[in-house]
Amino acid sequence: MHVIKISLAGIAICVATVGIARALDRSDLAALQVSVREMCVQPDRKGSYLNVSGDLTAGATLRVAGVEARGKISQDQWDGISQRLDEYKTDPRQCAISIITLLAPLLNSPPEAKACRDPSHGIERYEREFDVTRQSAEMGGGHGQAEWCNNAIAILRGEHPGAAFTVVSSGERTRNHCPPANCPQYTYICTINVRASPVYIEKVSSACR
C-alpha cells in the first residue's frame, strides 16, 4: 500500500492506492494530477485529457494528456471513468481522488532509455589505423595513378567494412617490352591509410532497443 499526496486547488489530498508509486514517476504523477483536476472541473471535456487507441473490448491503449506513461484499459474501466465523473460532478475533490485511484494503476512508465552505439550516431573513433600499399599489374596506356588508387580502395573496402580510407601517396613505374619500338607498360603503386573497426558514438536515440 502506497500513500500518494496530491494537491487539488490548494487542498492537500492523500490517495492510498496499490502500485501507483511503483508505476509512475514524480513528473507523471504531477501531470496526471493536473489532467484529472481539469476533467473533474469540466467533465464534458474528458476527451481532451484522455486518449484511447484500439479496441476497448480487447484492451485499448490509454494516454493521459501530459503523462509519458501509458497503459491498457478495458471497456468496463473506460465506462467507470465516465460514471465517476458524473457521480462526483459536484465534488471535484472526491472526483479527483476517485479518478486518480482508477487511472494510476493502469499506467506504466516507459522503461528508462539506455544509451547505445549505433552507426546512425556517427563515428567516435577507430580502433585500428595502418597504411597499406597496393601495386597494380602492368597496364597499357590510358590508365593512371588516381584510377588505380580508387580501385585499390574499392578492394580494401570489401576487406574492411566501415573503414575510412585516405590516399597517402601514389606513383608509377614504366617498362618498355618491345624496344626499339615504344610500347610502354605501366605499374601503378598506391599507399592508402586505413582507419578500421569504427567505434560509434554512444547516446540515447530511437536506434537503441
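The values are calculated or read from the model by the stated rules, or taken from the named source; none is laboratory data. What you see is a predicted model; the values in this text were computed from it and never measured. Cβ placement follows ideal geometry from the backbone for every residue including glycine, while neighbour counts extend to all protein chains displayed.
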- Selection status of R134, touching an Asp or Glu at 6+ places or on another chain (Cβ under 7 Å), in a strand (DSSP E or B) and at negative phi: no
- Message: Let me confirm something: among V168, V204, V194, which residue is within 30 Å of R26 (Cα to Cα) and of a type outside the set (G, A, S)?
- Response: V204
- Message: What's the number of the only condition in (1) touching a Ser or Thr at 6+ places or on another chain (Cβ under 7 Å); (2) modelled with pLDDT of 95 or more; (3) farther than 30 Å from R117 by Cα that N151 fails to meet?
- Response: (1)
- Item | Criterion: assigned to a strand (DSSP E or B), surrounded by 17 or more Cβ atoms within 10 Å (Cβ to Cβ) and either at pLDDT below 90 or touching a Leu at 6+ places or on another chain (Cβ under 6 Å) (or both) - qualifying residue of I4, I13 | I4
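Kindly indicate which of G71, G80 is closer than 29 Å to V204 by Cα and either among the β-branched types (V, I, T) or free of Cβ contacts under 8 Å to residues at least 60 places away in the same chain (or both). Outline the logic, then answer.
On the way: G80 fails: closer than 29 Å to V204 by Cα.
Answer to the check: G71.
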- Message: Suppose the filter is farther than 30 Å from N193 by Cβ, in contact with a strand residue (DSSP E or B) (Cβ under 7 Å, 6 or more places away or on another chain), basic (K, R) and outside the structural domain of N193 (by TED's automatic domain parsing); does R84 pass it?
- Response: no
- Message: Looking only at the stretch 132-157, count every residue that is surrounded by 15 or more Cβ atoms within 10 Å (Cβ to Cβ) and aliphatic (A, V, I, L, M) and tell me the total.
- Response: 5
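Could you tell me whether the stretch 74-91 includes any residue that is assigned to a loop (DSSP other than H, G, I, E, B), small (G, A, S), touching a Lys or Arg at 6+ places or on another chain (Cβ under 7 Å) and modelled with pLDDT under 95? First the steps, then the outcome.
Taking the stretch 74-91 first, the residues assigned to a loop (DSSP other than H, G, I, E, B) are 74, 88-91.
Applying the additional criterion that residues be small (G, A, S) yields 74.
Now drop any that are not touching a Lys or Arg at 6+ places or on another chain (Cβ under 7 Å), which leaves none.
Checked the stretch 74-91: no residue is assigned to a loop (DSSP other than H, G, I, E, B), small (G, A, S), touching a Lys or Arg at 6+ places or on another chain (Cβ under 7 Å) and modelled with pLDDT under 95.
Given the structure, is V168 at negative phi, in contact with a Ser or Thr (Cβ under 7 Å, 6 or more places away or on another chain) and of a type in the set (A, V, I, L, M)?
Values: at negative phi: yes; in contact with a Ser or Thr (Cβ under 7 Å, 6 or more places away or on another chain): yes; of a type in the set (A, V, I, L, M): yes.
Taking the combined requirement at face value, the residue satisfies it.
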- Note on the structure: Of (1) outside the structural domain of A69 (by TED's automatic domain parsing); (2) without any contact (Cβ under 8 Å) to a residue 60 or more places away in the chain, Q94 satisfies every one except (1)
- Message: Can you pull out every residue in the stretch 117-131 that is of a type in the set (D, E, K, R) and either exposed (fewer than 11 other Cβ atoms within 10 Å of the Cβ) or in a loop (DSSP other than H, G, I, E, B) (or both)?
- Response: D118, E127
